[in-house]
């Protein structure tokens with residue numbers, strides 16, 4: 001796993017536009033009666049981007065590349081690379097993306113949903129017999 005995975009996943013969103021100086025715009029809209037109304041939505045844009053941006057696609061790509069390997073080796077690689085302050089959050093995201101408590105009913109690998117009912121696995125899971133990281137085929 002990349003050593004800078006925390007920076008990639010939790011990179012802060014940009015706070016200002018980078019093209020402001022290239023495309024000048026009027027600061028306010030002028031009305032007929034010499035009043036000015038500020039219609040720029042910059043304050044809304046800034047408020048929505050204050051929080052951290054979570055980009056999970058690098059983690060999904062990492063897991064997709066590790067399909068077929070033992071889960072213990074994959075998890076130890078994740079833990080070794082995420083020893084910084086955001087490592088706990090990254091481990092939590094990976095833990096949510098991979099179903100580890102699975103069992104086999106007939107030929108179907110099952111897990112429990114958030115309400116506790118058994119369902120077929122979707123996405124990444126750890127095979128109950130072999131302990132390998134697998135990806136469930138998508139239902140069509």
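The values are calculated or read from the model by the stated rules, or taken from the named source; none is laboratory data. Fair warning: this is a prediction, and the values are worked out from it, not measured in the lab. Methodologically, a virtual Cβ is constructed for each residue, glycine included, from the backbone with ideal geometry; neighbour enumeration extends over all protein chains shown.
Some notes on this structure:
- Every condition in (1) within 20 Å of residue 135 (Cβ to Cβ); (2) out of contact with any strand residue (DSSP E or B) (no Cβ under 9 Å at 6 or more places or on another chain) is met by residue 85 except one, and the failing one is (1).
So that you can scan it fast, the table gives a plain yes or no per residue for (1) modelled with pLDDT of 90 or more; (2) within 28 Å of residue 10 (Cβ to Cβ):
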{"residue": "57", "(1), (2)": "no, yes"}
{"residue": "61", "(1), (2)": "no, yes"}
{"residue": "83", "(1), (2)": "no, yes"}
{"residue": "87", "(1), (2)": "no, yes"}
{"residue": "98", "(1), (2)": "yes, yes"}
{"residue": "115", "(1), (2)": "no, no"}
{"residue": "125", "(1), (2)": "yes, yes"}
{"residue": "132", "(1), (2)": "yes, no"}
{"residue": "140", "(1), (2)": "no, no"}
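- Those strands (runs of 3 or more DSSP E) lying entirely in segment 68-140 with at least 1 residues more than 28 Å from residue 5 (Cα to Cα): 103-105, 108-112, 118-120
- A search for C-beta distances below 7 Å between a residue of segment 103-123 that is in contact (Cβ under 8 Å) with a residue 40 or more places away in the chain and any residue that is surrounded by 13 or more Cβ atoms within 10 Å (Cβ to Cβ), counting only pairs 6+ apart in sequence or on different chains, returns nothing.
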